[in-house]
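Data first, discussion second: the structure below is written as structure tokens.
The values are calculated or read from the model by the stated rules, or taken from the named source; none is laboratory data. Keep in mind the model is a prediction, meaning the values are calculated, not measured. Note that each Cβ is placed from the backbone with ideal geometry, even for glycine, and that neighbours are counted across all protein chains shown. Areas reflect the complete protein model, heavy atoms only, side chains present, ligands, DNA and RNA absent. Shrake-Rupley method; radii C 1.70, N 1.55, O 1.52, S 1.80 Å.
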Amino acid sequence: MITILIILTTSIFSILAFQNRTLFNKYLFNPYIISRNKEWQRFFTHAFIHADWGHLLMNMFVLYSFGTQLENYYFEVLFQSKSILYYILLYVGGILISSYPSFEKHKNDAYYNSVGASGAVSAVVFSCILINPMQKLIFILLPFPIPGVIFGILYLIYSWYMSKRGTDNIGHDAHFWGAVFGVVFTILLKPALAVEFISKLFS
């Protein structure tokens, strides 16, 4: 499965980067360095390293929870033979598109850094929520399940709050733009999903 392969690859590179600061600095997202040194690969590589264990585990848990069902069920049903291609494009597109606003905003700021698969994970999460907004999600800290659309809203609020704090190297801005990309990309693949989403919310 593509989701499992992404999780394994990301976990390996993140763990290596935890132990090797040179490796971490080589692949993190720094718009200033990208702009001046033309190190465009950082647009992609930063998604495979994380700030710490908590950041890695949270992103990979969310990716597993949403990605496996999106890849193996929703996309398989909706797109059949093209499902794997579309899933890969969703994930890679989430990495690249979600990073661009931060690049434009911080390309003259030598001290801005970010890491993590937040943009891609958000794309997967919100693609899944678009398809099935009322899916019930269960969390250990909550005594009751909540609909996927509520989780999505809370996820964005958390990302906005952490982005305003700006106290870590996590690309919180990417959560929002990754979410937007995930919704728009999925609707472009199958426009009828937009109508079905609204119908499911009020049914």
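Quick rundown of the values:
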quantity: Which listed residue is among the hydroxyl-bearing types (Ser, Thr, Tyr) and over 25 Å from TYR155 (Cα atoms), from SER65, SER35; calculated: SER35
quantity: Positions within the stretch 51-88 being within 22 Å of TYR27 (Cβ to Cβ) and of a type in the set (A, V, I, L, M), in sequence order; calculated: ALA51, LEU56, LEU57, MET58, MET60, VAL62, LEU63, ILE88
quantity: Residue list for the stretch 27-54, restricted to those being among the small types (Gly, Ala, Ser) and in contact (Cβ under 8 Å) with a residue 12 or more places away in the chain; calculated: SER35, ALA47, ALA51
quantity: Exclusive hit being at pLDDT below 80 and either touching a Leu at 6+ places or on another chain (Cβ under 8 Å) or aliphatic (A, V, I, L, M) (or both), set LEU130, LEU154, LEU142; calculated: LEU142
quantity: Residues that are in a helix (DSSP H, G or I) and open to solvent by 10 Å² or more (accessible area, probe 1.4 Å), drawn from the stretch 131-155; calculated: ILE131, VAL149, ILE150, PHE151, ILE153, LEU154, TYR155
quantity: Odd one out for SER159, checked against (1) in contact (Cβ under 8 Å) with a residue 40 or more places away in the chain; (2) of a type in the set (Gly, Ala, Ser); (3) out of contact with any His (no Cβ under 6 Å at 6 or more places or on another chain); calculated: (3)
quantity: Qualifying residue in the stretch 174-182 (condition: among the hydrophobic types (A, V, I, L, M, F, W, C), modelled with pLDDT of 90 or more, open to solvent by less than 70 Å² (accessible area, probe 1.4 Å) and closer than 18 Å to SER65 by Cβ); calculated: yes
